[in-house]
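Okay, so here's the structure we're looking at.
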Amino acid sequence: MKIKVLITGGTIDKAYKELTGELSFTETHIVDMLNRGRSMADTLSEVLFLKDSLEMTDSDRCFILDKCQSCDEQNILITHGTDTMVETAQFLANSIKDKTVVLFGSMIPYSIDNSDALFNLGVALSAVQLKSNGVYIAMNGQVFDFDKVKKDKSLGIFVDS
């Protein structure tokens, strides 16, 4: 089974800039994460863009949808920022019925100690291989149906809706 990994940014790929004290994008860490986790899954990664999900537009979501629909792979992982991950999952689910798509991200960037990024990647990678066709979100050690999840900003986790 070949798994397509579509990279869109989000906190998972942000890095700390020491001179400004900001978190920003320089490059993706996903391939490094797969290697560090010793993943033996057959993956093909593609960077679509690196954006904070609060800056994501409907045009960006259409681009992600087009990439999902046009790729040969039936199993797709999508990195995504947590703030609008549910919105994108719902958008994709309106059109994708014949593939398994799992969105994931992190609350703490991979480049910072005690990040949840590797854990969330591992759960998402397992989910995309085991779940039936549909759109899912993998966060906090759980896999949620796209229409039964929300981000609880007060707790900083994803929960059933």
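The table that follows gives values for the structure above.
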| read-out | value |
| --- | --- |
| Leading residue by the ranking (farthest from I78 (Cα to Cα)) among those in the stretch 39-67 that are of a type in the set (D, E) and in a strand (DSSP E or B) | D42 |
| Tally, over the stretch 68-90, of residues that are in a helix (DSSP H, G or I) and under 20 Å from K148 (Cβ atoms) | 6 |
| Among (1) modelled with pLDDT of 95 or more; (2) surrounded by fewer than 19 Cβ atoms within 10 Å (Cβ to Cβ); (3) under 20 Å from T28 (Cβ atoms) - the single one I112 does not satisfy | (1) |
| Residue ID - farthest from the chain's Cα centre (by Cα), chosen from residues in the stretch 8-20 that are surrounded by 12 or more Cβ atoms within 10 Å (Cβ to Cβ) and over 14 Å from N120 (Cβ atoms) | Y16 |
| Residue satisfying all of: in the stretch 92-145; under 13 Å from the mean Cα position of the chain (by Cα) and part of a loop (DSSP other than H, G, I, E, B); farthest from L23 (Cα to Cα) among these | N140 |
| Flag if T43 is in contact (Cβ under 8 Å) with a residue 12 or more places away in the chain, more than 23 Å from S161 (Cβ to Cβ) and either surrounded by 21 or more Cβ atoms within 10 Å (Cβ to Cβ) or touching a helix residue (DSSP H, G or I) at 6+ places or on another chain (Cβ under 9 Å) (or both) | yes |
| Pairs with Cβ under 8 Å, 6+ apart, first in the stretch 72-84 and farther than 15 Å from N133 by Cα and touching a residue at least 60 places away in the same chain (Cβ under 8 Å), second in a loop (DSSP other than H, G, I, E, B) and polar (S, T, N, Q) | T79/T28; T82/S106 |
| Selected residue (criterion: nearest to I157 (Cα to Cα)) from residues of the stretch 70-102 that are among the small types (G, A, S) and buried (at least 17 other Cβ atoms within 10 Å of the Cβ) | G81 |
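The values are calculated or read from the model by the stated rules, or taken from the named source; none is laboratory data. In this text, all values refer to a predicted model and were calculated from it rather than measured experimentally. With ideal geometry, Cβ positions are generated from the backbone for all residues, glycine too; neighbour counts draw on all protein chains shown.
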